[in-house]
Amino acid sequence: MRRLLPSLLVALVAAAPAAAQVAAKPEDVVRVERAVTELAVAKRGAAGDVAAGRRAGEAALRKCKKGGRGWKRIRSVRVPAQRSLYTRGARTLWKELSEVAAERAALDAYRHAFERFLSRFDRPLADPVLQAGIDAWHRRIAYYEAATGFASCKTFERLLKPVRQFKENVRADYLAGDIYNKMVRFVRDSQRNAANRHWGSRYDAALDAARAQLVALGGDEGYATFFTFGHSLGV
């Protein structure tokens, strides 16, 4: 579905002038479609900010891609197997942090548009199914905040701080492996924890139900789809 969002967004932007000529529809549907139209325009207009934010994030993380205290610790390890394990873990961690940084850049660029979209519903919708979709939107943004806020060299260095050389024995393999596992699992575990706090299948279901309800109430299917997936951080 993410691949469909850019073309869907373009279609919504192109259709924006026609939004004022809404046929007789329930007020809830009209409010959602107007908010969705504005969001599509805002997201399209923020594309340059997304790109700039991603470049800035890449530049910030580049400082610890190959240098820094963490890498010095790894290079000081004289046991080849341990050094190789730490190196693989650090590369995986850095790559995944870079991916999270790109998502954070998109969130920062879209934040105002998301907040404006949600502010359109400070007065709750009358339809409980549609309102549940709005509540899911709030949860999704909270999830993004928690799941993308740690992509930095500070985090990278913190995860590499335990790196050290162990005397070669069975216990050393376990200890070095534990440090490695914490590196390679950090992003996944952090995002899983964020999902446990802020997201879940029930919110996906709420958005799907809201989409179906919008269509059932006479809403445009394209607007309904964008309401469901418009929170995507993809460009």
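Picking from residues in segment 88-99 that are over 14 Å from ARG185 (Cβ atoms) and either modelled with pLDDT under 95 or surrounded by 16 or more Cβ atoms within 10 Å (Cβ to Cβ) (or both), the one that is nearest to the chain's Cα centre (by Cα) is SER98.
Taking segment 103-131 as the range and being under 26 Å from GLY149 (Cβ atoms), of a type in the set (Gly, Ala, Ser) and surrounded by fewer than 19 Cβ atoms within 10 Å (Cβ to Cβ) as the test, only SER119 passes. When we screen ALA176, ALA209, ALA205, ALA172 for residues that are more than 17 Å from the chain's Cα centre (by Cα) and crowded, with 19+ Cβ neighbours inside 10 Å, the only hit is ALA176. Please verify whether ASP220 is surrounded by fewer than 19 Cβ atoms within 10 Å (Cβ to Cβ), at pLDDT 95 or above and of a type outside the set (A, V, I, L, M), treating the condition exactly as stated. No: the conditions fail for ASP220. Residue selection: GLY68 satisfies the criterion of being at pLDDT 95 or above, at positive phi and over 18 Å from the mean Cα position of the chain (by Cα). For first residues located in segment 23-44 and in contact (Cβ under 8 Å) with a residue 60 or more places away in the chain, partners that are β-branched (Val, Ile, Thr) and in a helix (DSSP H, G or I) and lie 6+ apart or on another chain with Cβ distances below 6 Å form the pairs ALA40/VAL13. Total residues in segment 181-227 satisfying the condition of being part of a loop (DSSP other than H, G, I, E, B) and of a type in the set (Phe, Trp, Tyr): the figure is 1.
The values are calculated or read from the model by the stated rules, or taken from the named source; none is laboratory data. Treat the numbers as computed from the prediction; the structure is a model and nothing was measured. Cβ sites come from the backbone with ideal geometry, for glycine too, and all protein chains shown count toward neighbours.
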